[in-house]
Structure formats: structure tokens, C-alpha cells
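The values are calculated or read from the model by the stated rules, or taken from the named source; none is laboratory data. Quick caveat, the model's predicted, so the values are computed rather than measured. Note: ideal-geometry Cβ built from the backbone for every residue, glycine included; neighbour counts use all protein chains shown. Side chains are part of the model used for accessible areas, which takes the heavy atoms of the whole protein and leaves out ligands, DNA and RNA. Shrake-Rupley method; radii C 1.70, N 1.55, O 1.52, S 1.80 Å.
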Amino acid sequence: MKLIEIIISILIGLMSSACGAPVSSGSGSNTSDVMEVSQMEIIIDVNDNKLTAELANSTAAKELAEKLKSEPITVTLNEYGGFEKVGDLPWSLTKTDEQLSTEPGDIMLYQGNQMTIFYNSNSWSYTKLGHIENTTQEELKALFGEGDVTVTLSLKE
């Protein structure tokens, strides 16, 4: 009987590793830098409204968080195409562009030194920085309004 239990345990172990399933100790103590970055949030202050955005799992998002640790930044965003606001960052970030379809609330890095905030959808090659949480498309359109808008980005504490 004990031999059967050992064989079953070995087979379960082999099947788990063959399927790529992670083996969990159940302690919940597995953390990584990527997880920490994905749980970081920034505050976007636009027209005296504070929006919260969760940062993406990207090198650029991690670099942005590091920059914002020193001090907040202010960026002027210009209207583009009726679906996004685009503005120059004060520095370049590492771009790892891929073809993406955006949705309202997405924050993207464009050309390594521009930030784009979407209030509608588009498909292009971007590096994802994050996503504005708990805000509808209509609310984003109303907040960002027509024309240029100035936003201040800070790291949420």
C-alpha cells in the first residue's frame, strides 16, 4: 500500500512539473520585483481631480516609479485624434513597444519620451505604463475635456 502512495506522489509531481504548474509551499512568501511594481500606484492630478492608476509590469513603469520617488512631475498633454492626450516627459524611459489595442484609462509610453492617456481606444505600438482605475470613459472625457490639459503625476504612498 505504501508503494502505491509513493508512486502516486511521484506521478503527481511529474505531471505538475510537465504542465509548468508552479509548486507552492502554501506559505505565500513568494514575492518579486515585478509583483511589487504591479502593485505600485501613481496619482494623476487633473483639473483638481485625483485619479489613481496602477502601474504595469514593465521596465518603463518601474523607471517612472523611481523618478516619481524624488518628486512629482507636471506634464502638459495635447489633444490627439479625439481619443487620447499626449505629452512630453522630462526624460526618456526604456521602451519595449508591442502592438496593443488600448482602452479608456490606459497610460502608455510613446517613442520613449512621451506619455499618452487614453479616453477612447486605439491600436498602435506602445509600452504600457499603467491604467487609471475606477473611472468610466465618460468621466475621463469630462475630466480631460477639449484641448490641452496639464496633469501632475506623483507616487501614491
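Tabulated results
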item	result
Test for T127: is it in contact (Cβ under 8 Å) with a residue 40 or more places away in the chain, surrounded by fewer than 18 Cβ atoms within 10 Å (Cβ to Cβ), in a strand (DSSP E or B) and not acidic (D, E)	no
Residue within the stretch 111-123 that is of a type in the set (S, T, Y), in contact (Cβ under 8 Å) with a residue 40 or more places away in the chain and open to solvent by 50 Å² or more (accessible area, probe 1.4 Å) present	no
Residue within the stretch 93-100 that is closer than 19 Å to A60 by Cα, of a type in the set (A, V, I, L, M, F, W, C) and assigned to a loop (DSSP other than H, G, I, E, B) present	yes
Selected residue [outside any loop (DSSP other than H, G, I, E, B), at negative phi and open to solvent by 40 Å² or more (accessible area, probe 1.4 Å)] from K69, K85	K69
Selected residue [more than 14 Å from I43 (Cα to Cα), open to solvent by less than 60 Å² (accessible area, probe 1.4 Å) and in contact with a Gly (Cβ under 6 Å, 6 or more places away or on another chain)] from L100, L77	L77
